[in-house]
Amino acid sequence: MTKNVGTLIPSALPSIQTRFTCGYHPDTPKNPANNPIPSTQSIIPNYSIPKNILPCKKNYTRLSCVKSVKRILYGLVLFAISIIVLNFGVEAAPPEQVHLATNGIPGEMIVQWGTEEDTSAFCSSENNVQYGIRESDLNQTKSGNSDMYLWTTCTHTVTLTELTLNTTYYYRVGGGDEWSDVFSFNTLSEEPEKITIGAIADHGTSSNAQETTSNMEKEIFDLVIHAGDISYANGAGSGNGIGDQSVWDEYQNQIEGLTSKYPHMYAPGNHEEDSEPYGFDAYESRFYTPGTNAFWYSFEFEFIHFVSISSEHDYEPGSSQYTWLKNDLEDANNNRENVPWVVVFAHRPMYSSNGDGDGHGSEIEFREAMEGLLYEYQVDLAVWGHDHHYERTYPVFEEQVYSNNSGSASEPYYKPGATIHIVAGNAGRSIYDGLEEPKPIWSAYREISYGYTMFEATKTSINYKFIRNSDGSIGDEFWIINTIDTEKPIIIPNENNNSVNKTEDDGIVEQIKELNHMSAPLTILVIATTAIFNLNFRKKTV
């Protein structure tokens with residue numbers, strides 16, 4: 001229900017009269033005697049606004065209502081004047097916290113950075129990126145927008161478009177007299193043979209976290225995904241019970257050397273949610289996400305369809321997140337010919353055997369709600385955090401192992417029929433030493449140490465590695481292939497005891513070759529028995 005209300009202007013402007021009806025119901029005929037029209041008509045047109053906005057009570061006279069509205073307007077005018085006064089003469093802040101993101105569109109890059117403003121009310125710093133293909137000639141400029149929450153850090157976002165593929169771009173951010181150093185990034189090739197993805201979780205600002213960042217800076221990535229618990233700025237993470245937003249600034253400056261070169265995409269963890277009045281504001285303000293929802297979204301990056309979901313929001317069947325995920329995975333699964341791999345990442349793990357001591361273990365409710373979708377649409381990998389260790393499962397659904405291959409180069413997983421789960425929560429926060437014994441049958445490998453994970457993907461294979469911080473060695477490694485025609489690397493020692501790669505067909509093809517040495521009846525019997533066993537073993541209902 002609305003009322004007819006003229007523009008409300010304080011009486012300090014005598015040339016303009018205000019006309020409105022207080023408590024007037026649109027179905028009741030106007031009574032000119034009760035609602036006289038001022039002799040001087042308003043020169044500003046009338047507007048219709050909701051009834052409950054006017055501070056008019058039932059027994060208010062028209063004059064009382066006018067006075068109440070004027071008080072509000074005086075307050076708004078004073079507020080506007082104070083903003084103008086505060087903004088006058090405020091200087092721009094130097095850029096910092098430079099980080100990249102992707103929208104999944106080839107030839108585009110999202111550039112973000114922060115500036116420390118004098119107030120949380122507005123952002124006075126400029127939103128410009130200067131860039132070019134020569135460090136000494138940044139001959140292109142693109143502008144964007146900015147966003148703030150109840151903190152003095154302003155986040156600036158600019159989308160660079162029409163970038164040439166397979167090219168190194170140099171860039172700096174800022175405007176006026178305040179510019180960052182010059183950074184660089186590489187665009188992908190038009191049809192790359194492989195891409196390299198970093199994957200971490202539970203990072204923070206500790207010395208161990210800084211070591212992880214330093215080690216990752218030595219790698220070459222195309223993208224990094226982060227499965228939540230990013231800076232630990234909230235009350236529980238910062239240790240002061242009320243949160244410390246400056247930890248976000250410290251964290252983003254700490255990882256600038258990595259994030260300014262490779263795009264990072266995030267999923268929210270429990271430590272991204274702060275107490276009131278912040279909630280998830282820092283996460284939403286500081287990080288770009290494609291689409292309309294910051295907490296669950298997807299994007300395609302060459303051969304991989306990435307899906308970021310939230311274990312911190314409603315995920316039960318019937319929820320908006322569940323419905324969105326089902327539709328997204330269905331579309332992705334139908335597009336395997338163009339984008340063959342599907343990778344999900346979120347914070348709380350569906351499978352973790354670190355449930356003793358400080359560990360959390362498997363998030364059973366989360367798993368029961370959403371694992372069926374991962375199985376139905378054959379998600380290849382799921383990357384989690386929350387428990388501070390490294391762990392890899394066999395391909396598993398409802399705690400049933402679908403393949404107990406080693407996953408090695410000579411025995412890779414070939415369309416295993418269920419998702420392989422990774423816990424990568426060992427990027428820097430205090431390690432959890434609470435591994436359950438005996439080890440669950442679905443757990444293929446687990447380790448208590450700091451490090452990071454990364455994987456190389458082609459159209460037909462994924463090679464996943466866990467790298468230890470302590471010495472840079474490979475703690476765990478496995479392969480997945482999606483076609484038996486794939487040539488898989490076989491690691492053999494050379495004369496100098498160094499590892500080299502050689503290729504040959506094996507796996508299923510090799511098993512069939514071995515059967516050829518048997519008699520025909522025995523061969524038929526083995527093949528038939530194996531097929532029946534696999535059909536019965538893999539047949540599940542969601």
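The values are calculated or read from the model by the stated rules, or taken from the named source; none is laboratory data. Remember, it's a predicted structure, so these values are computed and weren't measured experimentally. Cβ: placed from backbone, ideal geometry, glycine included. Neighbour counts: every protein chain shown.
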Seminar exercise, completed: Taking segment 95-146 and keeping residues loosely packed, with under 15 Cβ neighbours inside 10 Å, under 30 Å from Val247 (Cβ atoms) and charged (D, E, K, R) leaves Asp118
Exercise. Checking Gly359 against (1) buried (at least 24 other Cβ atoms within 10 Å of the Cβ); (2) touching a Leu at 6+ places or on another chain (Cβ under 8 Å), which test does it fail?
Worked result: (1)
Seminar exercise, completed: The strands (runs of 3 or more DSSP E) lying entirely within segment 150-209 that contain at least 3 residues which are not assigned by TED's automatic domain parsing to the domain that holds Thr259 are 153-160, 168-175, 183-186
Seminar exercise, completed: Reported set for segment 386-420 where residues are closer than 24 Å to Phe303 by Cβ and within 22 Å of the chain's Cα centre (by Cα) is Arg392, Thr419, Ile420
Problem set entry | Residue in segment 292-305 that is over 14 Å from the mean Cα position of the chain (by Cα), part of a loop (DSSP other than H, G, I, E, B) and exposed (fewer than 15 other Cβ atoms within 10 Å of the Cβ) present | no
Problem set entry | Elements of type helices (runs of 4 or more DSSP H) in segment 213-278, at least 1 residues being among the charged types (D, E, K, R) and either in contact (Cβ under 8 Å) with a residue 12 or more places away in the chain or over 20 Å from Val423 (Cβ atoms) (or both) | 246-254, 256-259
Problem set entry | Where His389 falls short, out of the listed (1) surrounded by fewer than 22 Cβ atoms within 10 Å (Cβ to Cβ); (2) under 15 Å from Ala444 (Cβ atoms); (3) not acidic (Asp, Glu) | (1)
Exercise. Within the group Ile481, Ile441, which residue is at pLDDT 95 or above, of a type in the set (Val, Ile, Thr) and under 25 Å from Val339 (Cβ atoms)?
Worked result: Ile481
For this session: Please verify whether segment 443-450 includes one or more residues that are buried (at least 18 other Cβ atoms within 10 Å of the Cβ) and part of a loop (DSSP other than H, G, I, E, B).
Result: yes
For this session: Filter segment 99-141 for residues that are outside any strand (DSSP E or B) and under 15 Å from Thr168 (Cα atoms) and give the result.
Result: Pro106, Gly107, Glu108, Ile133, Glu135, Ser136, Leu138, Asn139
Exercise. Within segment 88-96, is even one residue at pLDDT 85 or above, in a strand (DSSP E or B) and among the small types (Gly, Ala, Ser)?
Worked result: no
Exercise. Failed condition for Glu337, given (1) among the acidic types (Asp, Glu); (2) surrounded by fewer than 16 Cβ atoms within 10 Å (Cβ to Cβ); (3) under 28 Å from Glu456 (Cα atoms); (4) in contact (Cβ under 8 Å) with a residue 12 or more places away in the chain, with all others met?
Worked result: (4)
